[in-house]
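Scroll down for the structure; my scribbles are underneath it.
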Amino acid sequence: MMGYSSTRNLGTVLVTGGCGFVGRHLVECLLSSDPDCDIVIADINITRNRITSSRTHYHQIDISSFNDINGLIESTQPRVVFHTASPEPLKSDETVYKKNTLEATGTLLELSKNCKATRAFVMTSSVAVIDDYQTAVLHGSDSMPMLLNSRELYAAYKARAEQLVLDSNSKDLQTATIRPCAIFGPNDQGPTTRLLGLTGSGAARMQFGDGANLFDWVYVSNVAHAHVLAASKLLDPASVGIGGESFIVTNDEEITFWGFVRQLGSAIGNHVDAATVWSVPVWLIFHVALLSEMVVWMVSLGSRKSTLYRASVMECTWQRTYSIDKAKQRLGYKPVVSLEDGINLTSQWWLEEMAEKQKLAWSQ
């Protein structure tokens with residue numbers, strides 16, 4: 001069990017995207033930290049990542065549907081709304097981001113404002129909203145401007161949605177956003193799974209660039225913990241400097257990007273000596289990614305995206321570190337799971353997943 005802070009009196013809460021990566025861990029955090037909390041989970045797919053409890057209530061809905069959300073809020077009257085639902089970063093198109101990030105957030109905000117029971121609204125944002133995807137980030141902070149017209153559509157629409165949330169802060173509905181850096185942990189079918197797959201292949205002996213770039217990661221349970229801290233503070237009349245504010249969260253343990261990848265690999269039994277790693281020049285892999293993007297776009301007539309793209313190359317070769325001073329000072333945030341423990345917990349989950357898949361394959 002994680003060392004979550006004890007939190008009481010959140011009441012009934014709504015978690016959008018509660019069967020997703022962050023959402024599932026947020027539900028777990030709520031169950032552990034607030035024994036009286038009743039949790040309403042809204043997701044398009046409620047067959048995955050379920051947590052069985054008398055206090056969890058699952059509803060299959062379309063987060064972009066006004067009628068679906070309106071009916072759910074009217075029937076459940078949540079005191080707190082946690083908005084974690086989001087399309088996958090850098091992998092969707094503009095239509096999806098506009099509908100499921102910006103418009104869905106706007107609808108959820110309006111319905112939350114109109115619900116007399118709802119007093120707090122916490123959105124899962126991202127450090128991507130302050131990243132120009134052109135330069136390194138050294139100790140990035142919440143004081144940096146959001147880039148509403150970022151070259152990366154995920155970041156641009158996330159920033160616009162976050163702006164809606166922060167601008168909606170009022171006496172009746174207190175709002176805040178949590179900005180995680182790169183998240184890893186169990187139940188992630190995105191970056192964590194891709195990195196673990198990489199460490200088990202021949203590609204584990206390859207890195208892009210010299211590997212010296214520092215990077216901030218955050219274990220998923222720490223992200224969930226930050227959400228609960230924010231909600232608790234928003235509901236506390238004595239708290240100041242929380243409503244209408246954003247909070248970057250990391251594990252507060254900078255590490256080289258490729259050093260982290262190799263630690264993850266070692267934890268699942270795929271140790272690679274750094275001295276044997278082949279470094280691919282950044283300029284070369286960047287142009288390979290550009291070519292890959294163009295070819296996939298042309299072959300698919302614009303319907304698919306390459307699995308190797310320029311933004312991903314930049315993310316793993318440029319420095320990306322962030323300050324969490326604001327979250328520490330105002331939320332009282334500190335990681336409840338260390339980087340080392342997070343890596344071990346993630347590797348344990350992965351090995352169990354692989355064993356289960358192998359077992360199923362043998363039985364067929």
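When S303 is tested against the conditions (1) exposed (fewer than 15 other Cβ atoms within 10 Å of the Cβ); (2) at pLDDT 85 or above; (3) not basic (K, R), the lone failure is (2). Within the option set I46, I41, being under 28 Å from D236 (Cβ atoms), modelled with pLDDT of 95 or more and of a type in the set (A, V, I, L, M) holds for one residue only, I41. Put simply, of V313, V282 the only residue that is surrounded by fewer than 18 Cβ atoms within 10 Å (Cβ to Cβ) and either closer than 22 Å to Y154 by Cβ or over 18 Å from the mean Cα position of the chain (by Cα) (or both) is V282. Tell me which residues, restricted to segment 108-143, are closer than 30 Å to K305 by Cα, surrounded by fewer than 16 Cβ atoms within 10 Å (Cβ to Cβ) and of a type outside the set (S, T, N, Q). Within segment 108-143, D132, A136, L138 meet the criteria. Restricting L264, L234 to those that are crowded, with 20+ Cβ neighbours inside 10 Å, in a helix (DSSP H, G or I), modelled with pLDDT of 95 or more and of a type outside the set (G, A, S) reduces the list to L234.
Residue pairs whose Cβ atoms lie under 8 Å apart, separated by 6 or more positions or on different chains, with the first residue in segment 95-109 and in a helix (DSSP H, G or I) and the second at pLDDT below 95 and aliphatic (A, V, I, L, M), are Y97/L153; N100/I63; A104/I63; L108/I63.
Among the residues of segment 131-162, those that are aliphatic (A, V, I, L, M), out of contact with any Ser or Thr (no Cβ under 8 Å at 6 or more places or on another chain) and under 26 Å from K328 (Cβ atoms) comprise A136, M144, M146, L147. Checking every residue in segment 162-180 against the condition of being on the phi > 0 side of the Ramachandran plot, crowded, with 18+ Cβ neighbours inside 10 Å, among the small types (G, A, S) and in contact with a helix residue (DSSP H, G or I) (Cβ under 9 Å, 6 or more places away or on another chain) gives zero matches.
Tell me, which residue of segment 74-100 that is modelled with pLDDT of 95 or more and crowded, with 23+ Cβ neighbours inside 10 Å is farthest from R310 (Cα to Cα)? Per the criteria, the residue is P78. Scanning segment 42-57 for residues that are closer than 22 Å to E353 by Cβ and either surrounded by 19 or more Cβ atoms within 10 Å (Cβ to Cβ) or among the basic types (K, R) (or both) yields D43, R48, N49, R50.
Candidates are the residues of segment 267-279 that are under 21 Å from P186 (Cα atoms) and exposed (fewer than 13 other Cβ atoms within 10 Å of the Cβ); the one that is modelled with the lowest pLDDT is H271.
Evaluating W349 against the criteria (1) within 20 Å of the chain's Cα centre (by Cα); (2) free of Cβ contacts under 8 Å to residues at least 60 places away in the same chain; (3) assigned to a helix (DSSP H, G or I) leaves one unmet condition, (2). Scanning segment 116-166 for residues that are among the aromatic types (F, W, Y) and part of a strand (DSSP E or B) returns a single hit, F121.
Consider L30 carefully, then state whether it is part of a helix (DSSP H, G or I), at negative phi and in contact with a helix residue (DSSP H, G or I) (Cβ under 8 Å, 6 or more places away or on another chain). Criteria met by L30. Looking across segment 116-143, the residues that are aliphatic (A, V, I, L, M) and out of contact with any Asp or Glu (no Cβ under 9 Å at 6 or more places or on another chain) come down to A117, A120, V122, A136, L138.
The values are calculated or read from the model by the stated rules, or taken from the named source; none is laboratory data. Remember, predicted model here, so these are calculated numbers, not experimental data. Neighbour counts are summed over all protein chains in view; Cβ atoms, including those assigned to glycine, are modelled from backbone coordinates with ideal geometry.
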